[in-house]
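The structure appears right after this line, and notes come after that.
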Amino acid sequence: MDMFPNEDACLEYLSMVRWPDGYSCLRCKSQAYWKKARGLFCCRDCGYECSVKAGTIFQDTHKPLRLWFQAIWYVVNQKNGVSAIGLQKALGLGSYHTAWEWLHKLRRAMVRPDRDRLSGLVEMDETFIGGEHSGKRGRGAEGKTLVLIAAEETPKGIGRIRLAPIVDASGETLKEATLQMVKPGSIIRTDGWDAYNTLTNHGYVHTPTSHRNAESGDATPLAHRVAALLKRWWLGTHQGAISPEYLAYYLDEFTFRFNRRTSRSRGKLFYRLIQQAIEISPIPAKILTTTSSR
Ligand SMILES: [Zn+2]
């Protein structure tokens, strides 16, 4: 907050992140402009005005950008994830709903599906989230959501991960989800569940290992470690209270944090989240509450 003493400092930062090579007019491409109040850039050649917030998730906000920055700083600094109540308390927000809405908007900026696909040797497995009893594989179970886990293997252990809720563990579902999460050409290690065999038709190398044949007795230890952390986060930070239609976004938040867990620079994370928040389109609040499509 010392770095951003007022609203102008936040707007200045936002314009630097949004236009790192300097502003050029969105209409005539001229680089001659003057700045007006409240982050407005005005073209000297054609007169076109553009707000640094326009077309970003900050577009329709009535709250100060400084408060948003505070929220983002809080979000990137919580090792175990953030709940709306936690954010509301940390920022002293009067409304729980505002905290809830901001977190949902930020979660949508956390994973860029096209850019963040895994590669190399990737372990895959499914796990159930929610409910009290374990379900049968390949089928849903009451109150539970099946989550597909993909974890890169590195010499040090787990590299990056991707997570996605899936409707079942059928070949078709696993194929669709894998195409979103892992680059074709990668090697996929699984515990030998038949449905993964279809991946070989889509450019992947599938190396099934049964638990019995695995050295440690565990065919997919990396994916299992991620599943354990996921369950702890789900029960701890969110007390098991994430409704299924929003789970995908919560998983994106978990993924964002996990994939940057070794990053020592919180400032870089802050920059990254703001950069991604600028890249995605504004999200009207009513979309947050009425649909779950992504
Ligand atoms: Zn212009």
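The values are calculated or read from the model by the stated rules, or taken from the named source; none is laboratory data. None of these values were measured; they are calculated from a predicted model. Glycine also receives a Cβ, built like all others from the backbone with ideal geometry; neighbour counts cover every protein chain displayed. To get the accessible areas, we keep the full protein, side chains included, count just its heavy atoms, and leave off ligands, DNA and RNA. Shrake-Rupley method; radii C 1.70, N 1.55, O 1.52, S 1.80 Å.
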Can you find a residue in the stretch 142-157 that is under 20 Å from the mean Cα position of the chain (by Cα) and modelled with pLDDT under 90?
yes
Going through (1) open to solvent by less than 10 Å² (accessible area, probe 1.4 Å); (2) at pLDDT below 95; (3) part of a strand (DSSP E or B) one by one, Ile188 fails only at (2)
How many residues of the stretch 229-240 are surrounded by fewer than 19 Cβ atoms within 10 Å (Cβ to Cβ) and within 15 Å of Leu146 (Cα to Cα)? The answer is 2
Residues of the stretch 241-267 being in a loop (DSSP other than H, G, I, E, B) and exposed (fewer than 15 other Cβ atoms within 10 Å of the Cβ), in sequence order, are Ala241, Ser243, Arg261, Thr262, Ser263, Arg264, Ser265
Screening Tyr33, Tyr48 for residues that are within 22 Å of Pro282 (Cα to Cα) and among the hydroxyl-bearing types (Ser, Thr, Tyr) leaves only Tyr48
The residue that is most open to solvent (accessible area, probe 1.4 Å), considering only those in the stretch 154-168 that are touching a helix residue (DSSP H, G or I) at 6+ places or on another chain (Cβ under 6 Å) and of a type outside the set (Val, Ile, Thr), is Arg160
Assess whether Val82 counts as being in contact with a helix residue (DSSP H, G or I) (Cβ under 7 Å, 6 or more places away or on another chain), at pLDDT below 85 and of a type outside the set (Gly, Ala, Ser).
no
Checked the stretch 169-185 for anything open to solvent by 10 Å² or more (accessible area, probe 1.4 Å) and assigned to a helix (DSSP H, G or I); matches are Gly171, Glu172, Thr173, Lys175, Glu176, Ala177, Leu179, Gln180
